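Colleague: Here you go, one structure.
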Amino acid sequence: MNNNVILEINQLPSKLLEENPVFKFATRPPGVNFYVGIWKRGDQNKVRLQNGAQSFLIENSISVTAVDEPTSPSEGIVQFIIYSGVASSDLISHDEARRRFTSILKTIRKAGWKKFINEGDPRLIGRDMYKFVLNESPAASMDTDYEPTFEEWMRIPSRTRWSFYANHVYLSVDFSREPTLLDPEKDGAYLVTFTVDSENEHYRSYVEPDKREDWKSALPAQLAILPPMRAKAEAELRAKGVKIDETYQDPPKPNLVR
């Protein structure tokens with residue numbers, strides 16, 4: 001392929017297939033529609049995530065999986081999962097991988113994406129959030145503006161997340177290390193995953209799977225649980241002298257009008 005793959009949340013699947021012939025349709029399991037694009041790294045290595053002024057390029061891409069929502073076809077594509085290398089080569093020094101991954105995060109922030117902290121997690125920055133994720137809550141998001149030292153980088157587990165939002169679209173970025181290549185003095189291998197969710201898909205994940213079809217009714221009760229969780233965590237951290245980022249603001253909540 002010679003053209004960049006162009007992806008936009010909520011685009012119709014027919015448009016995705018028309019504009020990106022590399023994608024093929026697949027249904028698995030029954031009732032879930034997948035649209036999969038795979039290519040050799042030398043044939044195609046750039047994906048453009050289209051999101052208004054917050055659009056940006058993902059380089060060294062390998063494949064994309066898109067998902068629609070069968071119960072709400074008018075929403076179009078509600079999720080993209082984009083896989084890429086951290087560099088054009090398979091093997092890379094761990095410190096170079098650290099610098100390149102940090103550069104990816106900076107590119108996203110420069111494009112105008114805001115960092116996202118789950119509503120139940122404390123509003124921490126820098127090394128305080130790093131320590132919270134590693135020691136208290138592996139499911140929380142790292143501070144997207146913090147550049148870990150090499151020693152800190154090597155302690156970050158695979159699939160740790162850095163999360164963003166912009167224009168009612170949510171994005172999380174993580175990496176996986178090849179587990180047989182962890183010697184910090186030798187080269188490693190990394191896979192980077194970008195998960196892009198529509199606003200509806202992001203908030204659908206807050207409710208139990210059996211309530212997914214009626215998620216708008218179930219969501220308020222789930223959201224109500226989160227602020228007390230944050231308040232409790234922040235109170236405990238303040239008591240230990242940890243600074244809370246009072247300037248952080250949560251994204252606007254979705255329109256729940258049916």
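Colleague: With r as the distance between the Cβ atoms of LEU134 and VAL32 and R0 = 30 Å, compute the FRET efficiency 1/(1 + (r/R0)^6) and round to 0.05.
Modeller: 0.35
Colleague: Count charges around ILE125 for me, please; just the other residues with Cβ under 13 Å from its Cβ, Lys/Arg as +1, Asp/Glu as -1.
Modeller: Counting the neighbours of ILE125, the net charge comes to -3.
Colleague: Within 10 Å of each residue's Cβ, count the other Cβ atoms and sort LYS211, LYS24 from fewest upward.
Modeller: With the sparsest Cβ surroundings first, the list reads LYS24, LYS211.
Colleague: GNM on the chain, C-alpha springs below 10 Å: top fluctuator among ASP95, ASP210, ASP68?
Modeller: The residue with the greatest mean-square fluctuation here is ASP210.
Colleague: Where is the GNM fluctuation largest for the chain (alpha-carbon springs, 10 angstrom cutoff): ARG98, ARG238, ARG159?
Modeller: ARG238
Colleague: Measure off 7 Å from each Cα along the Cα-to-Cβ vector at LEU57 and SER72, then give the distance between these two points in nanometres to one decimal.
Modeller: Rounded to a tenth, the inter-label distance reads 3.4 nm.
Colleague: Is it possible to state the helix-based mean residue ellipticity at 222 nm for the chain, with each DSSP H run of 4+ residues giving -39500 (n - 2.57), the sum divided by total residues, to the nearest 500 deg cm²/dmol? What is it?
Modeller: -8500 deg cm²/dmol
Colleague: Anything over 26 Å Cα to Cα? Flag those among LYS115/LYS253; LYS40/LYS114; LYS24/LYS253; LYS46/LYS115; LYS114/LYS253; LYS211/LYS253, in the order listed.
Modeller: LYS40/LYS114; LYS24/LYS253
Colleague: Here's a follow-up. Principal axes first, then extents: for the Cα atoms of the range 5-239, list largest minus smallest coordinate on each axis, whole Å, largest first.
Modeller: 50, 48, 34
Colleague: Distance in nm between label sites at TRP39 and ARG155, each 7 Å beyond Cα in the beta-carbon direction?
Modeller: 4.0 nm
Colleague: Taking the Cα centre as origin and putting +1 on Lys and Arg beta-carbons and -1 on Asp and Glu beta-carbons, what dipole magnitude results for the range 124-228, to the nearest 20 debye?
Modeller: Its charge dipole is roughly 220 debye.
Colleague: Which of GLU136, GLU201 comes first, and how do the rest follow, when ranked by fewest Cβ neighbours within 10 Å?
Modeller: By the 10 Å Cβ count, ascending, the order reads GLU136, GLU201.
Colleague: Let me ask another. Between MET229 and GLN11, what is the spin-label point distance in nm, taking each point 7 Å from the Cα along the Cα→C-beta axis?
Modeller: For the pair MET229/GLN11, the computed spacing is 3.4 nm.
Colleague: Tell me, in nm to one decimal, what length is gained between LYS46 and LEU91 on full extension, where the rule is 0.36 nm per residue of separation less the Cα-Cα distance?
Modeller: That works out to 14.3 nm of additional length.
Colleague: Given charges of +1 on the Cβ of Lys and Arg and -1 on the Cβ of Asp and Glu, with all other atoms neutral, how large is the dipole of the range 1-123 about its Cα centre, in debye to the nearest 20?
Modeller: Taking the Cα centre of the range 1-123 as origin, the dipole is about 500 debye.
Colleague: Work out the length of the dipole vector of the range 5-239 about its Cα centre, built from +1 on the beta-carbon of each Lys and Arg and -1 on the beta-carbon of each Asp and Glu, and round it to the nearest 20 debye.
Modeller: 300 debye
Bear in mind these aren't lab numbers, they're just calculated from the coordinates by the rules spelled out. Just so we're clear, the structure is a prediction, and the values are computed from it rather than from any experiment. Cβ atoms come from the backbone with ideal geometry, glycine included; neighbour counts cover every protein chain shown.
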